[in-house]
Amino acid sequence: MHSISYERARDVAHAIELGSTPGSKFIGGGTNLLDLYKSGIERPTRLIDVSRIALNSVEQLPDGGVRIGAMASNTQAANHPLVRGPYRLLSEAILNGASAQLRNMATIGGNLLQRTRCYYFTDPTFKECNKRDPGSGCAAINGFNRIHAILGASDSCIATNPSDMAVALVALDATVRLAGPEGERSVPVADFHRLPGDAPQFDTVIKQGELIVAIDLPPSRFAAQSHYVKVRDRASYAFALVSVAAALDVQDGVVRDLRLVLGGVAHKPWRAIEAEDALRGQALDEAGITRAAAAAVAGARAYQHNAFKVELAQRAVMRALRTAGGLA
């Protein structure tokens, strides 16, 4: 038996105090952490329940943006009028994730912290996993790597980030608000998750004792022209093989600005900077969309079983851009 203690945090300060001890883990909805705990992959010595802390509001900010509390459920956030209208890209992405039952339990903060669904990570019978046991190797590189990364991977890890929501948040220039022993700080969602490098055991930049308290969305320039595309093996309750969040600012047929972010292809939501550069200031037409799609997978490195993702990603980018731009 693995000994574990459980405590319920009264407020944010109390949570930080309890969570600063090594071995402590915060638990909200528990939809990912409990699975990993039962499999023996996560081995916390103390669970800090933050589900009763009043961090579940969705509110307008003075600058016209929106703040979503970390304990808001995925369902609550996706269906809230402040999100569903001006940030419909985020609503689409959340509603494409998991099942209704899981969305009812899963929290916004927990969604950002969910861990990869790489088979070699989630099944401890596989001994080689640098994410689970640093230095042991990566079984996926020479194994069955159909769902794995084609961008930003390393020789230490080719796992992918599973979040749909995070892909849309990067496209919307959102920031994560953190509170911890050293005070509060804000981190762009684009910088919150890490590429694997030689330390894939670290998924994010969050520090011990830090708690996600909210997600801030700036006023949206892309409200009218955005779309989320998710390609998966079945229409419900499956993680993305490839996903794309496309957000456009188009005037008179010319792309003034855009965000193009891919999911299911890297260790973090992958912002396709080269693809954005290829389309910014250009006409939104088939030629431009094709150029952007090709640029989105520049530098892709495929493995034995996932080479199909390179073309699939390009097709998904084209579909997302056509739909967001009203050309579909």
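The values are calculated or read from the model by the stated rules, or taken from the named source; none is laboratory data. This structure is a prediction, so every number in the text was calculated from the model and none was measured. Ideal geometry is used to build each Cβ from the backbone, glycine not excepted, and the neighbour counts take in all protein chains shown. The protein model used for the area step is the full one, side chains on, heavy atoms only, and it has no ligands, DNA or RNA in it. Shrake-Rupley method; radii C 1.70, N 1.55, O 1.52, S 1.80 Å.
So the values come out like this:
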| quantity | calculated |
| --- | --- |
| Compactness relative to 2.2 N^0.38 Å, alpha carbon Rg of region 259-301 | 1.14 |
| Beta bridges per DSSP with both ends in the chain, % antiparallel, nearest 5 | 85 |
| Size of charge dipole - the chain - debye, nearest 20, with Cβ of Lys, Arg +1 and Asp, Glu -1, no other charges | 700 |
| Residue-span extension gain [residue 46 to residue 283] - 0.36 nm each, minus C-alpha spacing | 79.8 nm |
| Rounded to the nearest 20 debye, dipole of region 233-275 from Cβ charges on Lys, Arg, Asp, Glu | 200 |
| At R0 = 25 Å, FRET efficiency that the Cβ-Cβ distance of residue 10 and residue 117 yields, to 0.05 | 0.15 |
| Approximate shape of region 46-171 as ellipsoid semi-axes (Cα gyration tensor, √5λ), whole Å, largest first | 33, 17, 13 |
| Helix runs (DSSP H) in the chain reaching 20 Å along axis by Cα, Kyte-Doolittle at least -0.5 | 308-324 |
| Matching label, Cα extents along the principal axes in Å computed from the structure shown, candidates (i) 50, 43, 43; (ii) 61, 51, 34; (iii) 62, 37, 37 | (ii) |
| Selection from 167, 313, 124 lying farthest towards where the dipole of the chain points positive, charges on Cβ | 124 |
| Label point distance in nm, residue 54-residue 104, each placed 7 Å from Cα along Cα→Cβ | 2.6 |
| Simple spin-label estimate for residue 155 and residue 256 in nanometres, 7 Å along Cα-Cβ | 4.8 |
| Where region 170-328 is the region considered: accessible area per residue in Å², 1.4 Å probe | 42 |
| Euclidean distance between Cα centres, region 1-43 to region 272-293, Å | 44 |
| Net charge of Cβ neighbours under 14 Å - reference residue 242; Lys, Arg +1; Asp, Glu -1 | +3 |
